[in-house]
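The values are calculated or read from the model by the stated rules, or taken from the named source; none is laboratory data. Nothing here was measured: the structure is a model prediction, and the numbers come from that model. When we count neighbours, we look across all protein chains shown, and the Cβ atoms used for this are built from the backbone with ideal geometry, even at glycine. The accessibility values were calculated without ligands, DNA or RNA, using every heavy atom of the protein model including side chains. Shrake-Rupley method; radii C 1.70, N 1.55, O 1.52, S 1.80 Å.
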Amino acid sequence: MLYVIIEEDLPMREVTERDAQFVHIAEVRKQCEELGIPLLSIDTKKKELLGNFKRSGKVLCVGQPKSLDHDFESFAEGKIVPHGIYDVTRNVGYMTMGTDHDTSMFVCDNIERVWDKYLKVQYPEVNTIAILCDGGGSNSCSHKIVKQDLMDLANRLGMKLLVMHYPPYCSKYNPIEHKLFSQITRSWSGAPLLSMDDAVRRAAETTTKNRIDSICRCKHKRV
């Protein structure tokens, strides 16, 4: 007799009113869609070392690739902090390759730059931006500095910011994770990220069946 064991993913920790938060986010998202309010999903992808370091995955190449047997940061040519903004309504992604630290100021600078350069012309009549993000790190829902930087951003843009945080340990439900970051990971797999230009080029060439665009700009430094 054949027995099939199906594993069930368990949350790392039980979170109070976790389901209620998801219900609330779903309701607000529906309202934003009905009112034409832009919905942006944001997050910072895992930091990446630049250099001839082994990366998992497959790549089509000539000959056998060779890479260092250790990925010590001291041997790296630098590191990148990839921050993404995914326009849920228009299915368009924007990536910024930071060269310093993942801070709330860096995140807000990125939102401001992408809004002024790309999104403002797409939503000329709105006065509110809805943002989906995780509850920790540079998007922390409890750190005062994050709230202050978001308030400063709202004042600079002259817009209202409606920020919705996913519950702890639920980042995989943030749309940017499976709509943009998973595709960038695929483009970066198999071959080392030898330089900033290499990482930006490979991310910018990312395409999907649903025609999501990945627009990248690099070397944005802000502590």
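See the values below:
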| quantity | calculated |
| --- | --- |
| Every residue from segment 111-151 that is among the basic types (Lys, Arg) and part of a helix (DSSP H, G or I) | ARG113, LYS117, LYS144, LYS147 |
| Residue, least open to solvent (accessible area, probe 1.4 Å), within segment 23-46, restricted to residues that are in contact (Cβ under 8 Å) with a residue 24 or more places away in the chain and of a type in the set (Gly, Ala, Ser) | SER41 |
| LEU49 vs. criteria touching a strand residue (DSSP E or B) at 6+ places or on another chain (Cβ under 7 Å) and open to solvent by less than 10 Å² (accessible area, probe 1.4 Å) | no |
| Hits in segment 155-170 - residues which are buried (at least 18 other Cβ atoms within 10 Å of the Cβ) and either in a helix (DSSP H, G or I) or of a type in the set (Ser, Thr, Tyr) (or both) | TYR166 |
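For every residue, the table says whether it meets (1) more than 24 Å from ALA203 (Cα to Cα); (2) over 23 Å from the mean Cα position of the chain (by Cα); (3) modelled with pLDDT under 90; (4) of a type outside the set (Val, Ile, Thr).
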residue: ARG18; (1), (2), (3), (4): yes, no, yes, yes
residue: GLU33; (1), (2), (3), (4): yes, no, no, yes
residue: GLY36; (1), (2), (3), (4): yes, no, no, yes
residue: LYS47; (1), (2), (3), (4): no, no, yes, yes
residue: GLY51; (1), (2), (3), (4): no, no, yes, yes
residue: ARG55; (1), (2), (3), (4): no, no, yes, yes
residue: PRO65; (1), (2), (3), (4): no, yes, yes, yes
residue: TYR86; (1), (2), (3), (4): no, no, no, yes
residue: TYR94; (1), (2), (3), (4): no, no, no, yes
